[in-house]
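Here's the structure we're looking at; comments come further down.
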Amino acid sequence: MSVPSITSLAPRPYDPVDLSSRAFWSTGAAERERSFALLRAERPVSWHPPVEDALMHDPEDRGYWAVTRHSDIVAISRNSEVFLSGKGVLFENIPEELLEASQSFLAMDAPRHTLIRKVVHSAFTPRQVRRIEDSIYANAAAIVAELRSLGSGVDFVEHCAKELPIRTLSDMVGIPESERQQVAHAADAMVSWGDPVYLAGRNPLEVLLGSQMYLHQVAFALAAERRANPGDDLISALVHAEVDGDRLTDAEVAAFFVLLAVAGNDTTRQTASHAMKALTDFPDQRAWLRADFDNRIGGAVEEFVRWATPVMTFRRTAATDVEIGGQQVAAGEKVVMFYSSGNWDAEVFEHPERFDLNRKPNPHLGFGGGGRHFCLGAHVARTQLRALFGELLRQEPAIAAGEPTYLAGNFVHGIRAMPCTW
């Protein structure tokens, strides 16, 4: 679906609440929530300037609509005919030729999105899911044992939270041992390019493109190998999956591999880190969970995800003139959903500032707000969190998190490092 040009639209004033600056995204979640709470109460859909940390300067970028209320985010997520993903899901405008290579079907609309997702989904057979689950529980036990062997005071993120996602991904797609850490580093770079500490003076576009090219090379090699010699892994399933006569090309497999590496890494890694800190800060919740872990961990995981909100923002582009939250949005304008705000909406969550592992209901937006772009890997992420915290609370029940160092940026709610002691 084509989107009309908006360059001829008259300028409108920007909202006085700052959601676009580097300074805003360098503050903590609690400080950002004060701005979100004000907007939810008074201006749930508001107009803002382009973000300061855009990857590429675009003189035609007029800004974006910020959507902060839970109900509006759900409505946008479930209306894919009007709110398109084909222009990208990040704040900034990225050349369309780069979008699919880095965002796969996240940056597609029907009918192509429907086809690609259907082929990918066909590879997630019950047998594949069972195999993944078995490896997740085995990896979680090994990772926590290795963490303990390193001794009290080590970095929880480096030696625990980031280890389970990369091992799970490697088992899912068959990444060789020699490439695993470099794949993890490249996935980090794909979401860390806006953080000055991570960049350490490097050009963000070069970091992003270099990491993307490396992940594509790994995927091309894996696809060629599995096409000739199929194995019991997801890449083998993907290259041989067929729906109504359609198969994925190597480029489509590679794009999905990038998406899997990034999304599969950050959802679990960041949620696990934030949850470990919360279990330290709220010992009553840890005690409640440990008292009946098997029966309580399912609901607890949902609160882990709400509390962390590992992905803070996703963008859509309006296909037609439309009204959202009392505002008239013009065709072609960007609409950014602030999941961090929606997950603290007091109209939906009673006392959202409380870390409540028994929260019911818990319609959080951690995996999106529903619709055709709902997270395909939500089940895998939930399984990883159940397995990891089962092992942590069994092997080292007194483990405690120290003060985190946060990753700056407007996309991932990232913890760069966090010591843990016992």
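The values are calculated or read from the model by the stated rules, or taken from the named source; none is laboratory data. Computed from a prediction, not measured in an experiment: that's the story for all the values here. Quick reminder, even Gly has a Cβ in these numbers, built from the backbone with ideal geometry, and neighbours come from all protein chains shown.
Show the residue pairs that are 6+ apart or on different chains and have beta-carbon atoms under 8 Å apart, the first residue being within segment 24-36 and within 13 Å of Gly414 (Cβ to Cβ), the second being among the aliphatic types (A, V, I, L, M) and part of a loop (DSSP other than H, G, I, E, B).
Trp25/Ala408; Ser26/Ala408
Just one of Ile175, Ile143, Ile136 is aliphatic (A, V, I, L, M), assigned to a loop (DSSP other than H, G, I, E, B) and closer than 27 Å to Ala275 by Cβ; which is it? Write out each step before concluding.
On the way: Ile143 fails: assigned to a loop (DSSP other than H, G, I, E, B); Ile136 fails: assigned to a loop (DSSP other than H, G, I, E, B).
Exactly one of Ile175, Ile143, Ile136 is aliphatic (A, V, I, L, M), assigned to a loop (DSSP other than H, G, I, E, B) and closer than 27 Å to Ala275 by Cβ, namely Ile175.
Do you know which of the residues in segment 372-419 that are in a strand (DSSP E or B) and touching a Leu at 6+ places or on another chain (Cβ under 8 Å) is surrounded by the fewest Cβ atoms within 10 Å (Cβ to Cβ)? Let's see the steps before the verdict.
Looking only at segment 372-419, we keep the residues that are in a strand (DSSP E or B), and these are 400-401, 405-406, 412, 415-417, 419.
Adding the requirement that they be touching a Leu at 6+ places or on another chain (Cβ under 8 Å) leaves 401, 415-416.
Details: Ala401: 21, Ile415: 23, Arg416: 18.
Once the filter is applied, the top-ranked residue is Arg416.
So, in segment 340-362, exactly how many residues are at positive phi and among the acidic types (Asp, Glu)?
Just the residues of segment 340-362 that are at positive phi, to begin with: 351.
After this cut, where a residue has to be among the acidic types (Asp, Glu) as well, the list is none.
Of the residues in that region, 0 qualify.
Going by the structure shown, is Met56 in contact (Cβ under 8 Å) with a residue 12 or more places away in the chain, among the hydrophobic types (A, V, I, L, M, F, W, C) and closer than 28 Å to Val17 by Cβ? Show your work before the answer.
Working: in contact (Cβ under 8 Å) with a residue 12 or more places away in the chain: yes; among the hydrophobic types (A, V, I, L, M, F, W, C): yes; closer than 28 Å to Val17 by Cβ: yes.
In short, yes.
Please work out which residue is surrounded by the most Cβ atoms within 10 Å (Cβ to Cβ), limiting yourself to segment 70-99 and to residues that are polar (S, T, N, Q) and within 19 Å of Gln328 (Cα to Cα).
Here is the first cut: in segment 70-99, the residues polar (S, T, N, Q) are 71, 77, 79-80, 85, 93.
Next cut, within 19 Å of Gln328 (Cα to Cα) only: 71, 77, 79-80.
Working: Ser71: 15, Ser77: 22, Asn79: 14, Ser80: 18.
Out of the qualifying residues, it is Ser77.
Glu60 - would you say it is under 19 Å from Trp193 (Cα atoms), part of a loop (DSSP other than H, G, I, E, B) and modelled with pLDDT under 95? It would help to see each step written out before you state the result.
On the way: under 19 Å from Trp193 (Cα atoms): no; part of a loop (DSSP other than H, G, I, E, B): yes; modelled with pLDDT under 95: yes.
No.
Run Ala10 past the list (1) modelled with pLDDT under 95; (2) not in a loop (DSSP other than H, G, I, E, B) and report the number of the one that doesn't hold.
Going through (1) modelled with pLDDT under 95; (2) not in a loop (DSSP other than H, G, I, E, B) one by one, Ala10 breaks only (2).
Give me the residue from segment 192-217 that is under 30 Å from His121 (Cβ atoms) and touching a Phe, Trp or Tyr at 6+ places or on another chain (Cβ under 7 Å) and, out of that set, surrounded by the fewest Cβ atoms within 10 Å (Cβ to Cβ). Give the steps one after another, and end with the answer.
Going residue by residue through segment 192-217, those that are under 30 Å from His121 (Cβ atoms) are 192-193, 208-209, 211-217.
If we keep only those that are touching a Phe, Trp or Tyr at 6+ places or on another chain (Cβ under 7 Å) as well, we get 192, 208, 215.
Values: Ser192: 24, Leu208: 21, Leu215: 26.
Going through the qualifying residues, I end up with Leu208.
Hey, among Val173, Val157, which residue is β-branched (Val, Ile, Thr), touching a residue at least 24 places away in the same chain (Cβ under 8 Å) and within 30 Å of Thr421 (Cα to Cα)?
On the way: Val173 fails: within 30 Å of Thr421 (Cα to Cα).
Answer to the selection: Val157.
Leu164 - would you say it is surrounded by 14 or more Cβ atoms within 10 Å (Cβ to Cβ), over 20 Å from the mean Cα position of the chain (by Cα), under 21 Å from Arg131 (Cβ atoms) and not small (Gly, Ala, Ser)? Please lay out each step first, then the result.
Working: surrounded by 14 or more Cβ atoms within 10 Å (Cβ to Cβ): yes; over 20 Å from the mean Cα position of the chain (by Cα): no; under 21 Å from Arg131 (Cβ atoms): yes; not small (Gly, Ala, Ser): yes.
Spelling it out, it is not the case that Leu164 is surrounded by 14 or more Cβ atoms within 10 Å (Cβ to Cβ), over 20 Å from the mean Cα position of the chain (by Cα), under 21 Å from Arg131 (Cβ atoms) and not small (Gly, Ala, Ser).
Could you tell me whether any residue of segment 297-315 is over 30 Å from Glu353 (Cβ atoms), among the basic types (Lys, Arg) and not in a helix (DSSP H, G or I)?
Residues of segment 297-315 that are over 30 Å from Glu353 (Cβ atoms), as a first pass: none.
No, every residue in segment 297-315 fails to be over 30 Å from Glu353 (Cβ atoms), among the basic types (Lys, Arg) and not in a helix (DSSP H, G or I).
Is it true that Phe256 is under 18 Å from the mean Cα position of the chain (by Cα), surrounded by 14 or more Cβ atoms within 10 Å (Cβ to Cβ) and assigned to a helix (DSSP H, G or I)?
Values: under 18 Å from the mean Cα position of the chain (by Cα): yes; surrounded by 14 or more Cβ atoms within 10 Å (Cβ to Cβ): yes; assigned to a helix (DSSP H, G or I): yes.
Yes.
Can you pull out every residue in segment 337-347 that is more than 24 Å from Trp288 (Cβ to Cβ) and not in a strand (DSSP E or B)?
Here is the first cut: in segment 337-347, the residues more than 24 Å from Trp288 (Cβ to Cβ) are 337-342, 345, 347.
Passing the criteria: Tyr339, Ser340, Ser341, Gly342, Asp345, Glu347.
Specify which of the listed residues (Ser80, Ser152, Ser71) is assigned to a loop (DSSP other than H, G, I, E, B), touching a Gly at 6+ places or on another chain (Cβ under 9 Å) and at pLDDT 80 or above.
On the way: Ser152 fails: touching a Gly at 6+ places or on another chain (Cβ under 9 Å); Ser71 fails: assigned to a loop (DSSP other than H, G, I, E, B).
Step by step, each of Ser80, Ser152, Ser71 is checked, and only Ser80 is assigned to a loop (DSSP other than H, G, I, E, B), touching a Gly at 6+ places or on another chain (Cβ under 9 Å) and at pLDDT 80 or above.
For (1) assigned to a loop (DSSP other than H, G, I, E, B); (2) surrounded by 19 or more Cβ atoms within 10 Å (Cβ to Cβ), each residue gets a yes or a no:
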residue: Phe24; (1), (2): no, no
residue: Arg32; (1), (2): no, yes
residue: Phe36; (1), (2): no, yes
residue: Leu39; (1), (2): no, yes
residue: Trp47; (1), (2): no, no
residue: Val51; (1), (2): yes, yes
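Return the total of residues in segment 348-371 being over 22 Å from Met276 (Cα atoms) and either modelled with pLDDT under 95 or not in a loop (DSSP other than H, G, I, E, B) (or both).
Within segment 348-371, residues that are over 22 Å from Met276 (Cα atoms) and either modelled with pLDDT under 95 or not in a loop (DSSP other than H, G, I, E, B) (or both) number 4.
Please work out if Asp232 is under 20 Å from Phe367 (Cα atoms) and among the charged types (D, E, K, R).
Numbers: under 20 Å from Phe367 (Cα atoms): no; among the charged types (D, E, K, R): yes.
Considered against the rule, which asks whether it is under 20 Å from Phe367 (Cα atoms) and among the charged types (D, E, K, R), Asp232 comes out as no.
Please determine, by comparing only the residues of segment 218-253 that are among the β-branched types (Val, Ile, Thr) and not in a loop (DSSP other than H, G, I, E, B), which one is surrounded by the fewest Cβ atoms within 10 Å (Cβ to Cβ). So that I can check it myself, show each step before the final result.
Filtering segment 218-253 for residues among the β-branched types (Val, Ile, Thr) gives 218, 235, 239, 243, 249, 253.
Adding the requirement that they be not in a loop (DSSP other than H, G, I, E, B) leaves 218, 235, 239, 243, 253.
Working: Val218: 21, Ile235: 25, Val239: 22, Val243: 16, Val253: 25.
If we take residues in segment 218-253 being among the β-branched types (Val, Ile, Thr) and not in a loop (DSSP other than H, G, I, E, B), then Val243 is surrounded by the fewest Cβ atoms within 10 Å (Cβ to Cβ).
Tally time: how many residues in segment 18-43 are touching a strand residue (DSSP E or B) at 6+ places or on another chain (Cβ under 7 Å) and either of a type in the set (Asp, Glu) or within 19 Å of Glu323 (Cβ to Cβ) (or both)?
Residues meeting the conditions: 1.
Restricting attention to segment 106-137, which residues are crowded, with 16+ Cβ neighbours inside 10 Å, of a type in the set (D, E, K, R) and either out of contact with any strand residue (DSSP E or B) (no Cβ under 7 Å at 6 or more places or on another chain) or at pLDDT below 75 (or both)?
Within segment 106-137, Arg117, Arg131, Glu133 meet the criteria.
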